[in-house]
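Colleague: This structure is in structure tokens; I'll ask about it shortly.
The values are calculated or read from the model by the stated rules, or taken from the named source; none is laboratory data. Because the structure is a prediction, the values reported are computed rather than measured. When we count neighbours, we look across all protein chains shown, and the Cβ atoms used for this are built from the backbone with ideal geometry, even at glycine. The protein model used for the area step is the full one, side chains on, heavy atoms only, and it has no ligands, DNA or RNA in it. Shrake-Rupley method; radii C 1.70, N 1.55, O 1.52, S 1.80 Å.
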Amino acid sequence: MDLYEYQGKELFERFGIPVSEGRLAATPQEARAAAEELGGPLVVKAQVLTGGRGKAGGVKLADGADDAEAKAEDILGLDINGHVVRKVWIERASDISKEYYLSITFDRGAKKPLYMLTTEGGIKIEQVAEENPDALARLHVDVLEGFQPYQARRLVYGAGIDDPNEQKQILGIVEKLYRCFVESDAMLTEINPLIVTPDGDVRALDSKFTVDDSALFRHPDIAEMRDVEAADPQERLAREKGVTYVKLDGSVGILGNGAGLSMSTVDVVVVAGGRPANFCDLGGGGDAQGVVDALEVITSDEQVRSIFFNIFGGITRCDEVARGILAALDQMKIELPIVVRLDGTNAEEGRRILAEAAPPNLYVEPTMLEAAQRAVELAA
Amino acid sequence: MAVIVDNDTRLVVQGLTGSEGRFHGLRNRNYGTNVVAGVTPGKGGQDVEGIPVFNTVAESVTAASANTSLIFVPARFATDAIYEAVDAGIGTVICITEHIPAHDMLRVYTYIRGKGATMIGPNCPGVLSPGKANVGIIPAEIFSEGGIGLVSRSGTLTYQIGHELTQLGLGNSTIVGIGGDPVVGSSFIDPLERFEADPETEVIVLVGEIGGDEEEKAARYVQEHVTKPVLAYIAGFSAPPGKTMGHAGAIISGSAGTAQAKKEALEAVGIEVGTTPTEVARLVSDRFRIHS
């Protein structure tokens with residue numbers, strides 16, 4: 001789960017990482033009120049779960065309450081890479097003399113958290129890694145050993161930070177960020193830029209924060225930060241129904257059982273010349289209610305022209321899925337063509353059940369490839 | 001032979017008295033797996049259709065000589081169950097449980113590596129050596145005995161490929177489902193090493209998917225250490241970046257972990273990659289007949 005800048009900063013603050021004071025606003029009027037409370041020169045920042053908001057006009061300076069209201073008016077409603085801005089974060093503008101970068105990522109490959117620190121902040125870290133790799137200090141932490149102060153020293157010296165006042169503050173921030181990363185079950189915590197003000201104060205000016213979905217059960221406060229309104233309407237409905245669904249941009253609705261087979265089904269539809277409308281994993285079940293829920297989500301997408309059920313019965317029994325499909329059709333009155341491919345446990349029985357009921361919009365195909373081809377034809 | 005599970009497997013099921021544990025534990029026994037014990041704290045002394053239940057894994061090792069554990073306990077208790085098994089001296093731990101927090105798995109992974117135990121999973125379907133032992137939830141009836149070693153991050157996709165192989169008259173030495181999480185106990189390399197050493201395995205099929213870099217690591221390992229023919233399939237060519245595709249580990253982060261990059265890494269070391277499960281099965285069949 002990705003957090004907004006202001007949410008990440010809220011977590012930073014809890015762990016003692018310095019951030020600027022700010023307020024959230026959903027309307028220009030709220031922005032004015034926030035600006036009045038905060039006072040002084042301000043910055044109005046679009047809250048979106050995507051990068052590149054600066055270039056898209058999503059970050060603007062304001063010199064007072066009137067101006068903050070006007071800038072919020074400009075920014076709210078902007079479309080940034082397909083993300084509509086519905087909230088802005090208003091904080092005191094910071095004077096910046098240096099921009100650094102600090103992050104911890106969950107390094108799957110090394111099976112260790114990875115620290116990265118560089119004085120070349122404010123730009124994309126990939127660019128630093130490519131153009132000036134020596135400027136980037138990297139350090140893996142052994143999770144059984146945990147954070148040790150020497151690691152922070154290695155990073156700070158390694159990045160070439162030589163001002164003692166900065167060193168002292170950044171050593172502290174490096175340690176606090178590790179606690180924040182581990183205790184929030186984060187997959188990514190990034191501060192870019194980590195700024196030094198002309199007075200020598202070090203502060204997190206932005207945040208990028210991703211939390212492990214599987215760990216949200218022990219972080220109810222973070223789980224509550226999820227912005228259900230921001231999701232695509234189909235994905236929102238899927239979350240409500242407990243359906244594993246990812247929206248794509250085509251016309252063939254897809255329903256498989258198991259993540260790997262469902263991904264493979266999406267690929268095979270492309271191989272057959274079609275455009276998948278979604279990824280949807282029915283999971284281990286296949287009972288009527290599961291099928292109804294998944295179909296409700298898939299058919300709520302108006303681009304869908306045909307639906308492809310690709311089921312390989314293992315523990316899931318194909319006769320159950322067949323009954324589920326018929327019950328769902330009965331309940332939902334779907335007129336779109338539905339192509340079904342059943343294989344594995346009780347597949348013959350499942351096909352027999354479908355053949356006997358024979359709804360006019362149901363097509364049963366013997367193999368995954370033939371079914372994909374048929375679903376693509378029917379979507380054309 | 002075969003790898004990881006076989007006729008020497010003496011299985012303890014952690015969570016045997018729960019509904020999943022009971023259903024699959026008994027299915028595994030019916031298949032012929034030697035299920036010697038179950039563990040459920042507080043239910044020691046009971047039995048599940050004749051399988052004795054103990055309070056601790058340590059007791060199942062002492063009293064029933066268990067050497068392999070199958071874990072069905074819920075996610076928030078699963079890491080405790082893994083540590084308990086390893087500390088009791090269990091050499092092979094197979095964990096089916098889904099949704100274990102990634103940070104917990106980092107610690108488990110680091111700990112058990114130090115202990116020299118083998119772990120498969122979590123979020124995996126288990127391991128099946130046809131004709132010998134089935135440990136987990138793989139529907140064994142789809143597979144037959146033979147010379148193909150199959151290692152995969154996915155469950156149902158593996159069944160699909162196994163089914164296509166069976167229809168072409170080909171069987172498997174062992175099917176290893178390594179799991180779909182970002183951190184798993186064993187990735188491709190451990191099973192590849194075992195398949196290379198296993199006299200019964202003649203051809204190896206690797207089934208990967210988007211996310212992480214384990215397929216790329218496997219490609220390098222194959223180039224340096226594997227003499228047997230290896231073929232591959234990768235799922236997720238059409239997956240958009242930044243979206244978790246069902247498995248917690250199946251996510252393209254930035255530009256890392258794409259199916260195309262994995263395909264290229266595998267092909268660069270001479271591993272053929274099929275476009276569909278059907279094509280993979282056909283490629284395996286061609287290669288198998290040449291090899292045999």
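Colleague: In the set B:Val280, B:Val273, B:Val226, B:Val205, which member is of a type outside the set (S, T, N, Q) and farther than 21 Å from A:Gly256 by Cβ?
Modeller: On the way: B:Val280 fails: farther than 21 Å from A:Gly256 by Cβ; B:Val273 fails: farther than 21 Å from A:Gly256 by Cβ; B:Val205 fails: farther than 21 Å from A:Gly256 by Cβ.
Selected residue: B:Val226, the only one of B:Val280, B:Val273, B:Val226, B:Val205 that is of a type outside the set (S, T, N, Q) and farther than 21 Å from A:Gly256 by Cβ.
Colleague: Now for a separate question. Within 29 Å of A:Ile254 (Cα to Cα), in a helix (DSSP H, G or I) and not small (Gly, Ala, Ser), is that true of B:Lys262?
Modeller: Details: within 29 Å of A:Ile254 (Cα to Cα): yes; in a helix (DSSP H, G or I): yes; not small (Gly, Ala, Ser): yes.
The answer is yes for B:Lys262.
Colleague: I need the full set of residues from region A:137-170 which are within 16 Å of A:Pro113 (Cβ to Cβ), of a type in the set (A, V, I, L, M, F, W, C) and in contact with a strand residue (DSSP E or B) (Cβ under 8 Å, 6 or more places away or on another chain), in order please.
Modeller: A:Ala137, A:Leu139, A:Val141, A:Val143, A:Leu155, listed by residue number.
Colleague: Tell me, yes or no, whether region B:52-63 has at least one residue that is of a type in the set (Gly, Ala, Ser), open to solvent by 30 Å² or more (accessible area, probe 1.4 Å) and assigned to a loop (DSSP other than H, G, I, E, B). Full working, then the answer.
Modeller: Going residue by residue through region B:52-63, those that are of a type in the set (Gly, Ala, Ser) are B:58, B:60, B:63.
Within this subset, residues satisfying the condition of being open to solvent by 30 Å² or more (accessible area, probe 1.4 Å) are B:58, B:63.
When the remaining residues are screened for being assigned to a loop (DSSP other than H, G, I, E, B), the result is none.
Within region B:52-63, not a single residue is of a type in the set (Gly, Ala, Ser), open to solvent by 30 Å² or more (accessible area, probe 1.4 Å) and assigned to a loop (DSSP other than H, G, I, E, B).
Colleague: Name the single residue that is farthest from B:Glu215 (Cα to Cα) among those in region A:63-84 being touching a residue at least 40 places away in the same chain (Cβ under 8 Å) and of a type in the set (A, V, I, L, M). Spell out the reasoning first.
Modeller: Pass one, region A:63-84, residues touching a residue at least 40 places away in the same chain (Cβ under 8 Å): A:69-73, A:76, A:83.
Subset that is of a type in the set (A, V, I, L, M): A:70, A:72, A:76.
Values: A:Ala70: 51, A:Ala72: 46, A:Leu76: 43 Å.
If we take residues in region A:63-84 being touching a residue at least 40 places away in the same chain (Cβ under 8 Å) and of a type in the set (A, V, I, L, M), then A:Ala70 is farthest from B:Glu215 (Cα to Cα).
Colleague: Inside region B:18-51, can you point out the residues that are buried (at least 19 other Cβ atoms within 10 Å of the Cβ) and either among the hydroxyl-bearing types (Ser, Thr, Tyr) or in a helix (DSSP H, G or I) (or both)?
Modeller: Matches in region B:18-51: B:Gly21, B:His24, B:Gly25, B:Asn28, B:Arg29, B:Thr33, B:Thr40.
Colleague: Could we say that A:Gln47 is touching a helix residue (DSSP H, G or I) at 6+ places or on another chain (Cβ under 8 Å), crowded, with 18+ Cβ neighbours inside 10 Å and in contact (Cβ under 8 Å) with a residue 24 or more places away in the chain here?
Modeller: So A:Gln47 fits the description; yes.
Colleague: Only one of B:Gly254, B:Gly249 is within 13 Å of another protein chain (Cβ to nearest Cβ), out of contact with any helix residue (DSSP H, G or I) (no Cβ under 6 Å at 6 or more places or on another chain), modelled with pLDDT under 95 and crowded, with 20+ Cβ neighbours inside 10 Å. Can you tell me which?
Modeller: Details: B:Gly254 fails: crowded, with 20+ Cβ neighbours inside 10 Å.
Only one candidate passes the filter, namely B:Gly249.
Colleague: Based on what the data block shows, is A:Asp185 at pLDDT 95 or above, surrounded by 20 or more Cβ atoms within 10 Å (Cβ to Cβ), farther than 20 Å from A:Ile125 by Cβ and charged (D, E, K, R)?
Modeller: Details: at pLDDT 95 or above: yes; surrounded by 20 or more Cβ atoms within 10 Å (Cβ to Cβ): yes; farther than 20 Å from A:Ile125 by Cβ: yes; charged (D, E, K, R): yes.
Yes: the conditions hold for A:Asp185.
Colleague: Given the options A:Arg179, A:Arg154, A:Arg218, name the one that is in contact (Cβ under 8 Å) with a residue 60 or more places away in the chain and not assigned by TED's automatic domain parsing to the domain that holds A:Gly324.
Modeller: On the way: A:Arg154 fails: in contact (Cβ under 8 Å) with a residue 60 or more places away in the chain; A:Arg218 fails: in contact (Cβ under 8 Å) with a residue 60 or more places away in the chain.
Checking each option against the conditions leaves just A:Arg179.
Colleague: Could we say that A:Ala33 is open to solvent by 40 Å² or more (accessible area, probe 1.4 Å) and either over 17 Å from A:Arg86 (Cβ atoms) or under 21 Å from the mean Cα position of the chain (by Cα) (or both) here?
Modeller: Numbers: open to solvent by 40 Å² or more (accessible area, probe 1.4 Å): yes; either over 17 Å from A:Arg86 (Cβ atoms) or under 21 Å from the mean Cα position of the chain (by Cα) (or both): yes.
Yes: the conditions hold for A:Ala33.
Rundown of residues vs (1) at pLDDT 90 or above; (2) closer than 22 Å to A:Gln234 by Cβ, yes/no style:
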{"position": "A:Gln303", "(1), (2)": "yes, yes"}
{"position": "A:Gly313", "(1), (2)": "no, no"}
{"position": "A:Thr316", "(1), (2)": "no, no"}
{"position": "A:Ala322", "(1), (2)": "yes, no"}
{"position": "A:Arg341", "(1), (2)": "yes, no"}
{"position": "A:Gly344", "(1), (2)": "no, no"}
{"position": "A:Ile353", "(1), (2)": "yes, no"}
{"position": "A:Leu362", "(1), (2)": "yes, no"}
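Colleague: Looking at region A:50-60, can you tell me whether even one residue there is under 29 Å from B:Gly212 (Cα atoms), buried (at least 17 other Cβ atoms within 10 Å of the Cβ) and either hydrophobic (A, V, I, L, M, F, W, C) or modelled with pLDDT of 95 or more (or both)?
Modeller: No, region A:50-60 contains no residue that is under 29 Å from B:Gly212 (Cα atoms), buried (at least 17 other Cβ atoms within 10 Å of the Cβ) and either hydrophobic (A, V, I, L, M, F, W, C) or modelled with pLDDT of 95 or more (or both).
Colleague: May I pose another question? Would you pick out the residues in region A:132-157 that are farther than 13 Å from A:Tyr100 by Cα and in a helix (DSSP H, G or I)?
Modeller: The initial filter retains those residues of region A:132-157 that are farther than 13 Å from A:Tyr100 by Cα, namely A:132-134, A:138-154, A:157.
Across region A:132-157, the qualifying residues are A:Pro133, A:Asp134, A:Pro149, A:Tyr150, A:Gln151, A:Ala152, A:Arg153, A:Arg154, A:Tyr157.
Colleague: Where in region A:266-370 are there strands (runs of 3 or more DSSP E), lying wholly inside it, with at least 2 residues that are open to solvent by less than 10 Å² (accessible area, probe 1.4 Å) and either of a type in the set (Phe, Trp, Tyr) or within 13 Å of another protein chain (Cβ to nearest Cβ) (or both)?
Modeller: Numbers: elements: A:278-281, A:306-313, A:338-344, A:362-364.
In region A:266-370, the matching strands (runs of 3 or more DSSP E) lie at A:278-281, A:306-313, A:338-344.
Colleague: Looking at region B:72-79, can you tell me whether even one residue there is touching a strand residue (DSSP E or B) at 6+ places or on another chain (Cβ under 8 Å), farther than 30 Å from B:Glu279 by Cβ and more than 12 Å from chain A (Cβ to nearest Cβ)? Write out each step before concluding.
Modeller: So the first thing to find is which residues in region B:72-79 are touching a strand residue (DSSP E or B) at 6+ places or on another chain (Cβ under 8 Å), and the list is B:72-73, B:78.
Applying the additional criterion that residues be farther than 30 Å from B:Glu279 by Cβ yields B:72-73, B:78.
From what is left, the residues that are more than 12 Å from chain A (Cβ to nearest Cβ) are B:72-73.
For region B:72-79, residues touching a strand residue (DSSP E or B) at 6+ places or on another chain (Cβ under 8 Å), farther than 30 Å from B:Glu279 by Cβ and more than 12 Å from chain A (Cβ to nearest Cβ): present.
Here's the yes/no breakdown for (1) within 10 Å of chain B (Cβ to nearest Cβ); (2) part of a strand (DSSP E or B); (3) touching a Leu at 6+ places or on another chain (Cβ under 7 Å):
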position	(1), (2), (3)
A:Asn192	no, yes, no
A:Ile195	no, yes, yes
A:Leu216	yes, no, no
A:Ile222	no, no, yes
A:Met225	no, no, yes
A:Ala238	no, no, no
A:Tyr245	yes, yes, no
A:Leu255	no, yes, yes
A:Ser264	yes, no, yes
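Colleague: Please find, within region A:110-135, the residue that is surrounded by the most Cβ atoms within 10 Å (Cβ to Cβ) out of those that are within 14 Å of chain B (Cβ to nearest Cβ) and of a type outside the set (A, V, I, L, M, F, W, C).
Modeller: A:Pro113
Per-residue answers, yes or no, for (1) under 24 Å from A:Leu342 (Cα atoms); (2) at the interface with another protein chain (Cβ under 8 Å from one of its Cβ atoms):
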{"site": "B:Gln160", "(1), (2)": "yes, yes"}
{"site": "B:Pro182", "(1), (2)": "no, yes"}
{"site": "B:Pro199", "(1), (2)": "no, no"}
{"site": "B:Val207", "(1), (2)": "yes, yes"}
{"site": "B:Gly212", "(1), (2)": "no, yes"}
{"site": "B:Arg220", "(1), (2)": "no, no"}
{"site": "B:Val226", "(1), (2)": "no, no"}
{"site": "B:Ala235", "(1), (2)": "yes, yes"}
{"site": "B:Pro241", "(1), (2)": "no, no"}
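Colleague: Kindly indicate whether B:Ala75 is farther than 26 Å from B:Leu150 by Cα and open to solvent by 10 Å² or more (accessible area, probe 1.4 Å).
Modeller: Working: farther than 26 Å from B:Leu150 by Cα: yes; open to solvent by 10 Å² or more (accessible area, probe 1.4 Å): yes.
When the stated conditions are applied, B:Ala75 passes them.
Colleague: Give region A:85-109 a look and list any residue that's aliphatic (A, V, I, L, M) and either free of Cβ contacts under 8 Å to residues at least 12 places away in the same chain or open to solvent by less than 10 Å² (accessible area, probe 1.4 Å) (or both), or say none. It would help to see each step written out before you state the result.
Modeller: Residues of region A:85-109 aliphatic (A, V, I, L, M): A:85, A:88, A:90, A:93, A:96, A:102, A:104.
Correct list: A:Val85, A:Val88, A:Ile90, A:Leu102, A:Ile104.
Colleague: Still on this structure: Examine region A:244-266 for a residue that is in the same structural domain as A:Ala375 (by TED's automatic domain parsing), closer than 23 Å to A:Val228 by Cα and among the β-branched types (Val, Ile, Thr), and state whether such a residue exists.
Modeller: Scanning region A:244-266 turns up at least one residue that is in the same structural domain as A:Ala375 (by TED's automatic domain parsing), closer than 23 Å to A:Val228 by Cα and among the β-branched types (Val, Ile, Thr).
Colleague: As an exercise: evaluate A:Gly121 against (1) modelled with pLDDT under 95; (2) farther than 25 Å from A:Arg179 by Cα and give the number of the one condition it does not meet.
Modeller: Going through (1) modelled with pLDDT under 95; (2) farther than 25 Å from A:Arg179 by Cα one by one, A:Gly121 breaks only (2).
Colleague: Please indicate, with yes or no, whether at least one residue in region A:147-163 is within 14 Å of chain B (Cβ to nearest Cβ) and either of a type in the set (Lys, Arg) or over 17 Å from the mean Cα position of the chain (by Cα) (or both).
Modeller: In the first step, residues of region A:147-163 are kept if they are within 14 Å of chain B (Cβ to nearest Cβ); the result is A:147.
Those left that are additionally either of a type in the set (Lys, Arg) or over 17 Å from the mean Cα position of the chain (by Cα) (or both): A:147.
Checking region A:147-163: at least one residue is within 14 Å of chain B (Cβ to nearest Cβ) and either of a type in the set (Lys, Arg) or over 17 Å from the mean Cα position of the chain (by Cα) (or both).
Colleague: Can I ask one more? Which one of these does A:Glu229 not meet: (1) over 30 Å from A:Ile96 (Cβ atoms); (2) within 13 Å of chain B (Cβ to nearest Cβ); (3) open to solvent by 20 Å² or more (accessible area, probe 1.4 Å); (4) not in a loop (DSSP other than H, G, I, E, B)?
Modeller: For A:Glu229, the failing item is (2).
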